[in-house]
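Just below is one structure, and these are the notes that go with it.
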Amino acid sequence: MREATRRGFTEAPRYAVLGDGAVWIWNTTAELFPQAIQILDRFHVKETLHRTAQSIFGAATEAKPWAEARCAELDDGKLRALIHELRAHDSCTEAIKCALYIFRNRARMRYPKFHALGLCTSTGVLEAGCKVAIGTRLKRSGMHWSVSGANAIIALRCSKLSGRFEDFWERCSTSLQAAA
C-alpha cells in the first residue's frame, strides 16, 4: 500500500488490478483497493480453455479449433455462450471446473468493456518488464547465484530502476547500525 501511495496510485481517477486468478490477489485487492477494477489475465483464461479442450478431446484434432472458438467467445465477451459450450461436456470434470471458474470470475472478464476503457487485460507486458529488469541481470554469462545473493541483487536492481537507490542504501545503513 505504501508503494502504491508513493507512486500516486491512489490519486488516479480510476485504477485496476490485473491478476492471474489466485484468490489471494482478489482478497488483497478488495482489502487495500476496494474500488479498483479487477481484471483476470486474459492469457491465463485462454491457457485454461486450451487445457480444458485437451481434457475434453484428448489428442484429437477437434481440441484446437474448439479452444480457439471458445477464446474468440471470451474476447467478444460472450461468456454465457462459452459456459454453455463447456456445460455441453459435463461428463468431463475439467469442463465443469472451467465453467465454474469462468462463472465465478465473470465480472473480471468483461474484456470488451475493459478495452473500451483503455485498460490492459493481460500481464504479458508486465512479465516481460520483470524479465528485462531482473532476468537479464541474473542470467548473464558465467553467473551463479545463491538465493540470498539473487535476492540482494534483485533488491538493488529494483531500487535503481525505480529511482529509490539512495533510499535503499539509507535503509541498509540504518539496519547495519542497529545490528552493531
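The values are calculated or read from the model by the stated rules, or taken from the named source; none is laboratory data. Everything numeric here is computed off the predicted structure, so don't read it as measured data. No Cβ is skipped: glycine too gets one built from the backbone with ideal geometry, and neighbour counts run over all protein chains shown. The protein model used for the area step is the full one, side chains on, heavy atoms only, and it has no ligands, DNA or RNA in it. Shrake-Rupley method; radii C 1.70, N 1.55, O 1.52, S 1.80 Å.
Descriptive notes on the structure:
- Scanning the range 146-177 for residues that are open to solvent by 100 Å² or more (accessible area, probe 1.4 Å) and not polar (S, T, N, Q) yields a total of 8.
- Filter pass, A88 being closer than 27 Å to G21 by Cβ and open to solvent by 40 Å² or more (accessible area, probe 1.4 Å): yes
- Candidate set from the range 32-55 (those that are among the polar types (S, T, N, Q) and farther than 21 Å from R110 by Cβ); member that is surrounded by the fewest Cβ atoms within 10 Å (Cβ to Cβ): Q54
- Hits in the range 116-145 (condition: open to solvent by less than 80 Å² (accessible area, probe 1.4 Å), assigned to a helix (DSSP H, G or I) and within 17 Å of G21 (Cα to Cα)): G124
- Condition broken by G58, with the remaining ones in (1) touching a strand residue (DSSP E or B) at 6+ places or on another chain (Cβ under 8 Å); (2) modelled with pLDDT under 95; (3) small (G, A, S); (4) surrounded by fewer than 13 Cβ atoms within 10 Å (Cβ to Cβ) satisfied: (1)
- Just one of the listed residues (A95, A150) is modelled with pLDDT of 80 or more and either among the aromatic types (F, W, Y) or closer than 28 Å to I39 by Cα (or both), namely A95.
- If the condition is being modelled with pLDDT under 90, open to solvent by 30 Å² or more (accessible area, probe 1.4 Å) and within 20 Å of S162 (Cβ to Cβ), then the range 9-31 contributes F9, T10, E11, A12.
- For the range 98-115, residues that are open to solvent by 90 Å² or more (accessible area, probe 1.4 Å) and touching a residue at least 12 places away in the same chain (Cβ under 8 Å) total 4.
- Residue within the range 16-23 that is free of Cβ contacts under 8 Å to residues at least 24 places away in the same chain and farther than 17 Å from S122 by Cβ present: yes
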